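Written out below as structure tokens is the structure these notes cover.
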Amino acid sequence: MQQQSDNSSPQWNKTRISSGLGIQYPIIQGPLGGLSTQRLTATVSNFGGLGSFGAHGLSPSAIKDVIAEIRALTAKPFAINLWVSMEDEGARTSSSDAFARCLAPLAGHIRALGGALPTYKPYTPIKFEDQVRVVLDAKVPAFSFIYGIPPKEILDECQAQGILTIGAATTPDEAIVLEQAGVDVIAASGFEAGGHRGSFLRAADESLTGTFSLVPQVADAVSVPVAAAGGITDARGIVASFALGAEGVQIGTAFLACEESGAIAAHRQAILSGNARRTGLTRGFTGRLARGIHNQLLEELNRPGVEILPYPLQRSLVRNLSVLANKAAKPEFLPLWAGQSASLSRHNDAKALLQTLVSEVSTIAGPVLRWNRERRPT
Ligand SMILES: Cc1cc2nc3c(=O)[nH]c(=O)nc-3n(C[C@H](O)[C@H](O)[C@H](O)COP(=O)(O)O)c2cc1C
């Protein structure tokens, strides 16, 4: 709920999310997994939002380094993000035969780009428990996560250390169990969102609620503050999220388009080109359901009968092609992660994006906030 400076002009940025995190604007730069950078995280935090770094793919010692590097760039609050569930059933038992079958649809492209075909290697898991230890020991300001709920001892320790927790919900039921577990903020992630569906109570394809339906249901179902995620790219999306009951937003794709992100130029251009109107969901890029711009790779891997390895084996397999496609600047063979509102992205500079968002929201938010203030208790 918004706090107000006087009866007629509540300040849109004063919410439980901004006060709980100690930030000026309740705008969270969504963690971007392997396309996160220390620079983007710090730029957003220095501006007064919450920069986030997606660290699920990193070893514990690499996470420790990243946290130190972010701290060298900003003294403001930031979030480190992990995936509670790091592998799908069958990942440990998947065979070399399955590897060969799943490589088949990619093999021609790998060869055409001059690459050698990868060989089967047994899988070495990275454990959430080891990663989270480093995050807690570093006493980061905020810890965000998807794909489940961390064990009680972890959440208790966060509370004891003053680490604010942000858990992702793709359904109202997930939001309710996150709140019951003691999570501080819910990121309600509609199916428009770029990247992975972090569903954990039901299968991801049974949890495809859109942001417009999800946010008000979650806001009504929980008493902790809600950040709306999925399809929010400009001031209209932020103000709409507030009207739906959110007290903050989490934006991914619009930040991915900025040069501070870890996305290669061809990926950023694909988002900004206006040709990103068609996105699709696929398991083909990693083994888990995720959204990207529709391209040749997505289409081929979504074809009926194409076998996909369990997460994270498919991710490692596809990386053999995407590393080559990156070098050859062939975006048609890259997982072009993006949400459904990608084509609304306008900025290639994170600070300029934030300045526009803040100035436009400040102009149009007043009536929405007044309406919400009358409806909800303060
Ligand atoms: C490339 C990419 C990687 C992402 N990686 C993560 C991640 O590791 N953890 C996470 O919680 N969310 C992740 N997300 C989701 C974003 O943080 C954010 O919630 C989402 O992008 C919001 O929807 P939007 O893309 O429509 O703005 C990722 C999104 C993208 C586009």
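The values are calculated or read from the model by the stated rules, or taken from the named source; none is laboratory data. This one's a predicted model, so the numbers in the text were calculated from it and none came from an experiment. Heads up, the Cβs are rebuilt from the backbone with ideal geometry, glycines too, and the neighbour counts pull from every protein chain shown. Note: accessible area is taken over every heavy atom of the protein model, side chains too, but ligands, DNA and RNA are not part of it. Shrake-Rupley method; radii C 1.70, N 1.55, O 1.52, S 1.80 Å.
Data overview
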read-out	value
Label point at ALA328 placed 7 Å out along Cα→Cβ; residues across the range 254-297 whose backbone nitrogen lies under 15 Å	296-297
Size of electric dipole in the chain: Cβ of Lys, Arg +1 and of Asp, Glu -1, about Cα centre, debye, nearest 20	760 debye
Gyration tensor verdict on the range 1-130 (Cα atoms; rounded if a/c is under 1.5, prolate if a/b is larger than b/c, oblate otherwise)	prolate
THR119, THR209, THR170, reordered so the largest accessible area comes first (probe 1.4 Å)	THR119, THR209, THR170
Residue-span extension gain [ILE176 to VAL306] - 0.36 nm each, minus C-alpha spacing	43.2 nm
Taking the chain and dividing mean pair separation by its residue count, relative contact order in percent (alpha carbons under 8 Å, at least six apart)	19 percent
Over 32 Å between alpha carbons, listed pairs LYS121/LYS152; LYS121/LYS330; LYS152/LYS351; LYS14/LYS139	LYS121/LYS152; LYS152/LYS351
Inter-centroid distance (Cα atoms) of the range 257-298 relative to the range 307-378, Å	9 Å
Considering only the chain, percent of DSSP beta bridges that pair antiparallel, nearest 5	20 percent
Fluctuation leader among GLY245, GLY20, GLY280 - the chain, Gaussian network, Cα springs under 10 angstrom	GLY20
Label-to-label distance, nm, for residues given as THR124 and ASP137 (7 Å Cα→Cβ offset)	1.9 nm
Extension gain, ALA160 back to LEU117 (0.36 nm per residue minus Cα-Cα distance, nm)	10.6 nm
GNM top mover of ILE186, ILE271, ILE63 - the chain, alpha-carbon springs below 10 Å	ILE63
Fully extended contour minus Cα-Cα distance, from ARG370 to ASN275, at 0.36 nm per residue	30.5 nm
Prolate/oblate/rounded label for the chain (Cα gyration tensor, a/c 1.5)	prolate
Area of SER316 that stays accessible when all protein chains are in place (1.4 Å probe, Å², to 10)	60 Å²
The range 35-166: relative contact order in percent, alpha carbon pairs under 8 Å with at least 6 residues between	29 percent
Listed residues ARG291, ARG111 arranged by accessible area, highest first, probe 1.4 Å	ARG111, ARG291
GLU374 - accessible surface, heavy atoms, 1.4 Å probe, Å² rounded to 10	140 Å²
Relative contact order (%) - the range 152-255, alpha-carbon pairs under 8 angstrom, separation at least six	25 percent
